[in-house]
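First the structure, in the form of structure tokens, and then the observations on it.
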Amino acid sequence: MPRRRTPGLTDAELRVIRVLWTRPRATVSEVIEQMGPGPTPAYNTVLTILGILQRKGWVTREKAGRAHAYLAVVDRKEARRTALTQLLSRFFDNSPRELVLDLLGHERTDAEELRQVRELIEQAPTDAGATPGDQKRQRG
């Protein structure tokens with residue numbers, strides 16, 4: 001039985017794509033050089049991971065001399081949004097409120113972080129379909 005496809009990113013895939021988020025394009029060797037701390041993966045391992053990322057639609061490749069260069073198609077912000085949507089759906093019944101309550105209830109939060117959270121809450125849209133002008137009128 002084939003393994004089920006992971007819709008998000010595995011830890012290994014995330015480690016590889018993080019390199020591509022820091023540069024416009026990179027060959028397999030360049031990705032390996034930039035991977036940072038941790039065990040250095042084999043060339044074929046990174047090549048396989050890049051192939052998986054390409055099939056998932058996260059990266060694309062182009063010919064660069066004799067090698068291929070890989071480019072991230074999905075940027076970091078979009079990846080975060082996708083991961084958060086999956087997290088909300090799987091563990092918090094699509095409730096941002098439950099996620100925030102869980103985070104604030106289990107983690108130590110300093111005064112500055114709480115101030116930033118309050119600021120974000122004040123700026124958050126109250127209606128998914130509302131435009132910024134609608135939001136100002138609702139507050140005003």
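Summary table below
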item: Matching option when the condition is open to solvent by less than 40 Å² (accessible area, probe 1.4 Å), in contact with a strand residue (DSSP E or B) (Cβ under 8 Å, 6 or more places away or on another chain) and not aromatic (Phe, Trp, Tyr), among Ile32, Ile17; result: Ile17
item: Flag if Arg61 is open to solvent by 80 Å² or more (accessible area, probe 1.4 Å), more than 30 Å from Ala26 (Cβ to Cβ) and without any contact (Cβ under 8 Å) to a residue 40 or more places away in the chain; result: no
item: Flag for Pro37 being open to solvent by 60 Å² or more (accessible area, probe 1.4 Å) and more than 18 Å from Val73 (Cα to Cα); result: yes
item: Tally, over segment 34-58, of residues that are touching a Phe, Trp or Tyr at 6+ places or on another chain (Cβ under 9 Å) and touching a residue at least 24 places away in the same chain (Cβ under 8 Å); result: 3
item: Selection status of Asp93, on the phi > 0 side of the Ramachandran plot, open to solvent by 90 Å² or more (accessible area, probe 1.4 Å) and either at pLDDT 95 or above or not hydroxyl-bearing (Ser, Thr, Tyr) (or both); result: yes
item: Residues located in segment 27-56, provided they are at pLDDT 90 or above, outside any helix (DSSP H, G or I) and under 19 Å from the mean Cα position of the chain (by Cα); result: Met35
item: Single condition Leu103 does not satisfy, out of (1) at pLDDT below 85; (2) more than 28 Å from Val16 (Cβ to Cβ); result: (2)
item: Residue among Leu88, Leu71 that is surrounded by 13 or more Cβ atoms within 10 Å (Cβ to Cβ), more than 12 Å from the chain's Cα centre (by Cα), hydrophobic (A, V, I, L, M, F, W, C) and modelled with pLDDT of 95 or more; result: Leu71
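The values are calculated or read from the model by the stated rules, or taken from the named source; none is laboratory data. These numbers were taken from a predicted model, which means no experiment stands behind them. Ideal geometry is used to build each Cβ from the backbone, glycine not excepted, and the neighbour counts take in all protein chains shown. We work out accessible area using only protein heavy atoms, side chains counted, and drop any ligands, DNA or RNA first. Shrake-Rupley method; radii C 1.70, N 1.55, O 1.52, S 1.80 Å.
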